Structures are given as structure tokens and as C-alpha cells.
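A short reminder: the numbers here are calculations on the coordinates, not readings from a lab. In this text the structure is predicted, and so the values were computed from the model without any measurement. Note: ideal-geometry Cβ built from the backbone for every residue, glycine included; neighbour counts use all protein chains shown.
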Amino acid sequence: MNVPASLLDGYTALRRGVGAYRLAADVVSVRGPDATPYLQGQLSQDVAPLDVGGSASSLLLEPDGKLTALVRVTRTGDDAYVLDTDARFGSVVAARLLRFKLRTKVDIEPVGWSCVALRGGEVPPVPVRTEAPFAPAVDWNGTRGVDLLGPDAAAVGAEVPPGAVWCGPDAWEALRVEAGIPKMGSELDTRTIAAEAGLVERTVSFTKGCYTGQELVARLDARGSRVARRLRGVVAADAGPDEAGLLVGASLWTPGGEKVVGRCTSASWCPGLGKVGGLAYLHRSVEDPAAALVWATDESAPPEERRPAEARSLPLVA
């Protein structure tokens, strides 16, 4: 089985040592005397209690409750914040915030900040910082570390611990898929409802007061977050390392091929599984956490060309 050594070495560092990865992220600055009340009315998270250097994950929603972007908000001053999100979505965040600005005393603009992600069991704890580079802690489905975030790429890079292993995108993607962390443009887009992606618990304050898009979030929560589909893991046991890309976009059926129950959004060779793993939105009828499925890259593929897969709960690897 031809698994690149760079993938295995990088993955091992990200899991058990200190792995460093240059994270492609877009950053938007929000500054001004009205910055705190404005963001309180636009983000699902309670930002007012954040101290300088403090961070929190949040949703930026459309008025109908659908997702604009998953963001992290970091307080950088008394009246200053940065919101970072996945690459290519910073302009979307800025445009959405500007749309409702009206006469609010706040400046909103994309800024060219850099981000280096540190992950692994030996990542040293970093105290909360009140100046750049900031170091928000990360803890998501067993994936722990810090993100070094600041306007000076050299200063950010200088904070990487000696001996850290610089990792490539294949190792990073394996870690993300195993942990079940959704990504803008893959698992998350303007059609996404937060409850589908399992984002509500970590991104929403139910005590902070009103914000744009709140009604749908609150209504679904009151009804037990029953949604038509949910983000799940998928394992394609018979696929080799060089076939992971085939799973992205593939349709998923019930074993008899009676109906399509989902579509794979991301996939990677996952060293923690020794198999190809993926993320997919599956219909709520797929209740068994180990339900058998079949997949194919072409929806018109006959049953004999469909390959076995299994639904899994997230994270795929704890």
C-alpha cells in the first residue's frame, strides 16, 4: 500500500507530537466605538465578555438563518476585533457585515494576516496574549493545539516551537476529516443550517440576546434540532490511498441501491483508520451509526459497480 511517508510523518506530528501547518485563512478587521454592540447583533456568539486576546467560534448568518460563514472572533482591543475564516471567504464575511452597517460607527475591512496552526499532544500551552501574534486555543473533537494569528508573517513563524514538524495539506486534511471538522466551501455553504453540521453547541449563545438569523437557530433548538440531514463520517474500506479523491462528490446509497441518502463532501487517506475516510451529509433515515452504504462517482452507475462503504459517527478517530 503506497502511503506517502510525508503524509504519515506529518500526521503523526499533528496527532502525537508538534505539527505545524500554514493555514490558509482570511481575516476581517472590525474596529470602532460601536464594534462590540454591532458584532453582538450580527454574530451568534456572545462577544461582549471576551477579554482582549480572547476568542470564540461563531456563526455569521443570513436573516433567514442560513449560513454566511463559520468564523472565529478574537478581541484585539477594547473596540477592536478580527474575524478569521477559511480562505476565499473573507470577502463574503466583510460584504455581509457591511450590508447591515448603516450608520454604525465601525470600520470593516479585510486584512492580510497570517495563520500557523499547531496541533499535537506535545504542543506547549500558550498563555492568552493581548497583542499580536495572538494564540487562540483549539479543541475540536479531540484535535487540540493553538493557532498563531497576526499581521506579520515573520513574527507568526518565529513563534513555532523548535523541532515542530512542518506538515503538508494531505496530513492536515487527514486530521480534519478524522476529526469531522467542517470547512467552508466543502461542508459549509449558503445552504447550510448550523444544526446539520453540528455547529450549534460550540458557536451559539442562547442567553446573549437577539442577532441576525437567530429565529431559525432558536426554533430548531426548541424542536430538538431535528433536521433532514446531518454531517456524518463515511469509511470506504476497499479504497486505496490513491482513490480518496474519487470519494469526494460521490453519491451514497442504501445497500440495495433503493435511494440516494447522501453525498460525500471531503475525503482523505486516514492513517488513524488505515482506510479512506470521508465526510458526508446523510439523510436522517440513516440512523445506525455503523450503517452499510454503497458509493459510486456516477449516480447512473449500475448496482454491480457500486462499492461498499459504512456510515460512522464523528469523530472518525478520537
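For the chain, the longest principal axis of the Cα atoms and the long axis of helix 90-99 meet at an angle of about 50 degrees. Axis angle, to the nearest 10 degrees, between helix 5-16 and the longest C-alpha principal axis of the chain: 60 degrees.
Translational diffusion of segment 160-215 was estimated from the Stokes-Einstein equation, with Rh taken as the Kirkwood radius over Cα pairs; at 37 °C and 0.692 mPa s the coefficient is 230 µm²/s. Across segment 233-318, the relative contact order, built from alpha-carbon pairs under 8 Å that are at least six residues apart, equals 37 percent. Where Rh denotes the Kirkwood radius from the mean inverse Cα pair distance, what is Rg over Rh for segment 229-312? Value, to two decimals: 0.92. Under a model in which nothing but the beta-carbon of Lys, Arg (+1) and Asp, Glu (-1) is charged, segment 5-179 shows a dipole of about 240 debye around its Cα centre.
Placing unit charges on each Cβ (+1 for Lys and Arg, -1 for Asp and Glu) gives the chain a dipole about its Cα centre, and among Pro4, Gly185, Val286 the Cα reaching farthest toward its positive end belongs to Val286. Quick one: P(r) of segment 33-147 from all Cα-Cα pairs, 5 Å bins, percents rounded to integers, in order of increasing distance. For segment 33-147, the binned pair fractions read 2, 11, 21, 24, 21, 12, 6, 3, 1, 0 percent.
Sequence-distant contacts, meaning Cα pairs under 8 Å at least 6 residues apart, place the relative contact order of segment 5-179 at 32 percent.
Our compactness index for the chain, the C-alpha radius of gyration over the empirical 2.2 N^0.38 Å, is 1.03. Relative contact order for the chain: 19 percent, from Cα pairs under 8 Å spaced at least 6 residues apart, divided by residue count.
Which of rounded, prolate or oblate describes segment 206-252 when judged by the alpha-carbon gyration tensor and an a/c cut-off of 1.5? Prolate shape, in that a/c is at least 1.5 and a/b is the bigger ratio. Largest GNM mean-square fluctuation among Val276, Val261, Val227, using the chain with Cα springs under 10 Å: Val227. The C-alpha atoms of the chain define a longest principal axis, and helix 169-179 lies at about 80 degrees to it. Treating each Cα of segment 91-220 as an identical point scatterer and summing with the Debye formula, the log10 of I(q)/I(0) at q = 0.16 Å⁻¹ comes to -1.14.
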